[in-house]
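Contents: one structure, followed by commentary.
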Amino acid sequence: MAADKAEMDVLKKECDGLRTQIEAARKGVNDGNMSSAAGSATDVGRVQLKLRKSLKGHLAKIYSMHWASDSRSMVSASQDGKLLVWDTHTGNKLVAVPLKSAWVMSVAFAPSGNLVASGGLDNMCTVYNIKAASPKTLRELDAHTGYLSCCRFLSDTEIMTASGDTTCCLWDLETGKQKIIFTNHIGDCMSLALSPDENTFISGACDSLAKLWDLREGTCKQTFSGHTSDINAIQFFPNGNAFVTGSDDCSCKMYDLRSDQEVITYQDASLNAGVTSLTLSNSGRLIFAGYDDFNCHIWDSLKGEKVGVLSGHDNRVSCTGVPADGMGVCTGSWDSFLKLWN
Amino acid sequence: MSGNSSNSVIQAQKLVDQLRVEACMERIKQISLTAGDLVRFCQDHRRSDPLLTGIAASSNPFKDKKTCVLL
């Protein structure tokens, strides 16, 4: 219709104008980059971590793992249809949760340690009480119209989910209902991370964009571009002013919130594998990124250099995590093993 | 048929609304300053990062403890 076309043209013009305005504002604060600022930082040298434990127990590909706040327990999810809760100090399995749907893609531990949540191709996020005599299903959060790619507890009463239906959602666990739906991505949401103060969260999606959201207002505050393919992993830098993303375009990037743009890219000509997962050491200096090439590569977050590698898995590294006390790194793989390094 | 074009118009309007929100953001800090803050944070927390400082074998929670046998 002619009227619609005219309206589209006006909107497109406004869109282009706003984009130009935003780019100009970003350029205005771009007076240097991370590498130059990092000149004064001490060198980290080669980071050589040893394999301390290989946790055997899953019978199929591991898709996700998450540390408990006590830095000792850890939960892992495999498409063998089970969640396993481990005591990482002894290597013993504490709890096994059988899943209704084996196609799990994400798992999370509640800060209290009482609950775990998981979900995947069943489009649901199921919450379990693991402190009961035998694991009990507490809630089945069923409203997403696409797969569940990531879930993170705020507390025993609230949980965030990211989905292939392009939305993220904040749920009330007491009612089992959605509190806020975050819409703005135009591709499957693959990953989310809560800010240290829990007022905001970031999401990475298949539209190659990362977005910062106000958790309570439900609004998208900032959008970060730069990647040229799906963003699979996203984590906050420990002070909450920056975040790191990992993508199928084989690179990781650090974005700064206050200057609203990318400040460094972590990539290497010899690395031709997509990034599946990432986690940071406690000071934020080291980035542990899991790749499709079966390794977890270690990057110096400030200088942008590769400083080490965790080799040992026989298949893609699908998940990584550093516990709250920073005492090690856990890697999980499609080879069905979890490995602890420090 | 106005169906499809109206949808595109709605999508375009949503995009413009979002861009307006993002354009209003105050980008007050220069990258050199924000990057400096990140560097300072890493340096300040260096000593409390076990993966940087290393962990003594006796206090390593993941290391398998070898048992001593008195013969």
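Things to note:
- Placing +1 on the Cβ of every Lys and Arg and -1 on the Cβ of every Asp and Glu, with nothing else charged, gives the stretch A:125-237 a dipole about its Cα centre of roughly 160 debye.
- Listed pairs A:Lys339/B:Lys63; A:Lys5/B:Lys14; A:Lys82/A:Lys177; A:Lys82/A:Lys136 exceeding 18 Å between Cα atoms: A:Lys82/A:Lys177
- Sites listed here are GluC sites (Glu not before Pro) in the stretch A:130-184 whose DSSP assignment is loop and whose Cβ has at most 13 other Cβ atoms within 10 Å: A:Glu174.
- Contact order, relative form, for the stretch A:207-294: 21 percent (alpha carbon pairs under 8 Å, 6 or more residues apart, mean separation divided by residue count).
- Convex hull of the stretch A:246-342 built on C-alpha atoms - directionally averaged projected area, nm²: 6.2
- q = 0.12, 0.21 Å⁻¹: log10 I(q)/I(0) that the Debye formula gives for the stretch A:1-144, counting C-alpha atoms only: -0.72, -1.21
- Counting all C-alpha pairs of the protein assembly as shown, share separated by more than 26 Å (%): 55
- Proxy reagent accessibility, fewest Cβ within 10 Å first, across A:Met124, A:Met8: A:Met8, A:Met124
- By the beta-carbon count within 10 Å of each Cβ, the least crowded to most crowded order of A:Leu302, A:Leu173, A:Leu138, fewest first, is A:Leu138, A:Leu173, A:Leu302.
- Residue of A:Lys27, A:Lys303, A:Lys136 that the Gaussian network model of chain A assigns the largest fluctuation, springs spanning Cα pairs under 10 Å: A:Lys27
- Rounded to the nearest 20, the Cβ-based charge dipole of the protein assembly as shown about its Cα centre (Lys and Arg +1, Asp and Glu -1) stands at 1340 debye.
- Per residue of the protein assembly as shown, the DSSP helices (runs of n ≥ 4 H) give a summed -39500 (n - 2.57) that works out to -5500 deg cm²/dmol at 222 nm.
- Shape summary of chain B, radius of gyration then Dmax from alpha carbon positions: 27.9, 92 Å.
- Convex hull volume of the C-alpha atoms in the stretch A:170-317, normalised per residue: 125 Å³.
- Zero-based 5 Å bins, Cα pair distances in the stretch A:99-205, whole percents: 2, 14, 26, 27, 20, 8, 3, 1, 0
Read the figures in this text as sums done on the coordinates, not as results from a lab. None of these values were measured; they are calculated from a predicted model. Please note: Cβ atoms are built from the backbone with ideal geometry, for glycine as well, and neighbour counts cover all protein chains shown.
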